[in-house]
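I have placed the structure first, in the form of structure tokens, so that the comments after it can refer back to it.
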Amino acid sequence: MSTPKVPLLLLSLIAFTHLLGLASLRADTKTAGKPNIVLIMTDDQGWGQTGYYNHPVLKTPNLDAMAAGGLRFDRFYAASPSCSPTRASVMTGRNANRTGAQAHGFALRLQEKTVAQALQGDGYTTGHFGKWHLNGTIGPGVPLFPDDKHNPGAFGFEEWLSVTNYFDRDPIMSRKGEFVELKGDSSGIIVDAALEFMKNAVKDGEPFLAVIWDGSPHSPSVASEEDKAAFASLSERSKNHYGELVAFDRAVGGLRAGLRELGVAENTLVWFNSDNGGLGNIKPDTVGGLRGYKGSTWEGGIRVPGIVEWPAVIKPRTTDYPASTMDIFPTIADILDLPDTVFVKPIDGISLYPLFKGKQEKREIPIFFRHGSQCALIDNDMKLHTTKLNREEFELFNLREDPSEANNIAKAHPERFEQMKARYLEWSDTVDASIEGRDYPEGRVLPLDTYAQRHKWVDDDRYEPFFEEWKDRPEYAKDIKKDLGK
């Protein structure tokens, strides 16, 4: 039987229709073009507090699934053992001492340049959801004012649902300056808000940056009875702490499912980590047997869980390549081929994009830490450490052979020790120059707004009108009662 001839015009129409179908498929799955980016961070979750590290009581099936489907970092580091500095490092790619946010509760300088501003300039829509802690306010999280000169909007976020610091169930938050009371666990609230933001971005055909900074499991933790049920044998403090991590893990599952439902999971980079090491007053142990806890530059204070999932690029695997929150902005800039002008220099992070693509090599630029007088330099397996920078009393450890940092090998390796010590002190001098503002065009640090000076929220006169309304809320009651009793 002869094959019927198809008119050329009809063939052209069929081919055109097929191309349209492929274009529609690409649009639906969003695997082409700029990747969407989600940065999600917990508050005080220790390195050992995941199911994939075989925690004795905590199950994290959704983080486990993310780790199995992405790049799991076994040596991921928060840039600081404290929250605000680590957040500043994510925003800038710099050690936080350079940025003004050198310790808990200090404000990020407006002279800094952020990842949100860079992506906004590259066509992204940007949103922040959760804990901010870069505006100079300390104490429990309170909603930010629309005219706060250091709110997320001042640093490149078009949409934001945020509070100044940690927050728990049924929080009061700020939606671009409008105070809103919300119901539910904090993790679910901010992930749901972020997914709504992503949904609108996908509808409008825009790539998105969503920064989701949770308040869990920071104390005072408040978990639901259901989420505490698996921890009946623990103290009340530990029950609530681990219960909040259960809620967070559930929210991670909701986030990943939501990305799939939106058809964008394939080309969305999701980067998860904690802001500092775990707590010493929570049992079972939070840091997986490492030395030290939050507030310390020993491994337990700075090594945190870290996972990057990006199905379009990353093949699932585990790496012991040392990486840091300072690497996040440089990595994103490399992926998007952004110019160096998006940074205030010097930056302290490096791009991990080659690692994402499977090129596992030794880290060429070490990771530097400076937290008051506590300091460290991590150069692949070797770690230089001191708790007394002013005395230059350093120790040296081989983290591969001695992960608990029990054996100082400085005398056994004097040449390597002196080389690392000299390199650290040279770097520290550049930080001192940054503190003086020499990185900025003005050559100095511009004065901060009065409300950006580090202060307790209850001492901020803008919140006084809310004292009566908030006096019975558990997160605020103690501060308000104390202030009214002065």
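Across region 283-292, computed HN-Hα scalar couplings (Karplus, 6.51 cos²θ - 1.76 cosθ + 1.60, θ = phi - 60°) run 10, x, 4, 9, 10, x, x, 6, 8, x Hz from first to last residue, x flagging Gly and Pro.
A 1.4 Å probe run over the chain, with the rest of the protein chains in place, finds 42 Å² accessible per residue.
Antiparallel DSSP bridges in region 106-211: what percent, to the nearest 5? Roughly 45 percent of the DSSP beta bridges within region 106-211 come out antiparallel. Whenever you get a sec, compute what percent of the accessible area on the chain sits on carbon and sulfur atoms (1.4 Å probe). That share works out to 53 percent. Where both bridge residues fall in the chain, DSSP classifies roughly 50% of the beta bridges as antiparallel. Taking every alpha-carbon pair under 8 Å whose residues sit at least 6 apart, the chain reaches a relative contact order of 21 percent.
Taking region 340-368 and a reference point 7 angstrom along Cα→Cβ of Asp74, the backbone N atoms nearer than 20 Å belong to 355-364, 367. Region 166-232 and region 469-486 have their alpha-carbon centroids 24 Å apart. Coupling constants for region 431-441 follow from the phi torsions by the Karplus curve (6.51 cos²θ - 1.76 cosθ + 1.60, θ = phi - 60°), and in residue order they are 5, 4, 5, 5, 4, 7, x, 6, 7, 8, x Hz; glycine and proline get x. Taking amide H as placed 1.01 Å from N in the peptide plane, Arg169 has its amide H under 5 Å from the amide H of Ser186, Val222, each at least 5 places away in sequence or on another chain.
Taking the helices alone, the chain has a mean residue ellipticity at 222 nm of -9000 deg cm²/dmol, built from -39,500 (n - 2.57) per DSSP H run of at least 4 residues and averaged over all its residues. In region 302-405, Cα pairs under 8 Å separated by at least six residues give a relative contact order of 18 percent.
Scalar couplings 3J(HN,Hα) for region 112-125, obtained by applying the Karplus form with A = 6.51, B = -1.76, C = 1.60 to θ = phi - 60°, are 6, 10, 10, 4, 5, 5, 5, 6, 4, x, 9, x, 8, 8 Hz; x denotes Gly and Pro.
Straight-line cross-link partners of Lys199 among the lysines, defined as a Cα under 30 Å from its Cα and at least 8 positions apart when in the same chain: Lys30, Lys34, Lys59, Lys113, Lys131, Lys149, Lys176, Lys183, Lys315, Lys357. By its C-alpha gyration tensor, with a ≥ b ≥ c as the square roots of the eigenvalues, how is region 34-173 shaped: rounded for a/c under 1.5, else prolate for a/b larger than b/c, else oblate? Judged from the Cα gyration tensor, region 34-173 comes out prolate (a/c at least 1.5, a/b above b/c). Normalising the average separation of contacting C-alpha pairs (under 8 angstrom, six or more residues apart) by the number of residues puts the relative contact order of region 369-449 at 16 percent. Partner aspartates and glutamates whose Cα lies under 17 Å from the Cα of Lys456, excluding those fewer than 8 positions away in the same chain, are identified as Asp148, Glu464, Glu475, Asp479, Asp483.
For Lys456, the amide hydrogen comes within under 5 Å of the amide hydrogens of Ile138, counting only partners 5 or more places away or on other chains and with H modelled in the peptide plane.
The values are calculated or read from the model by the stated rules, or taken from the named source; none is laboratory data. No experiment lies behind these values; they were computed from the predicted model shown. FYI the Cβ positions are ideal-geometry reconstructions off the backbone, even for glycines, and counts take in every protein chain you see. Please note that ligands, DNA and RNA were not included when accessible areas were found on the heavy atoms of the full protein model with its side chains. Shrake-Rupley method; radii C 1.70, N 1.55, O 1.52, S 1.80 Å.
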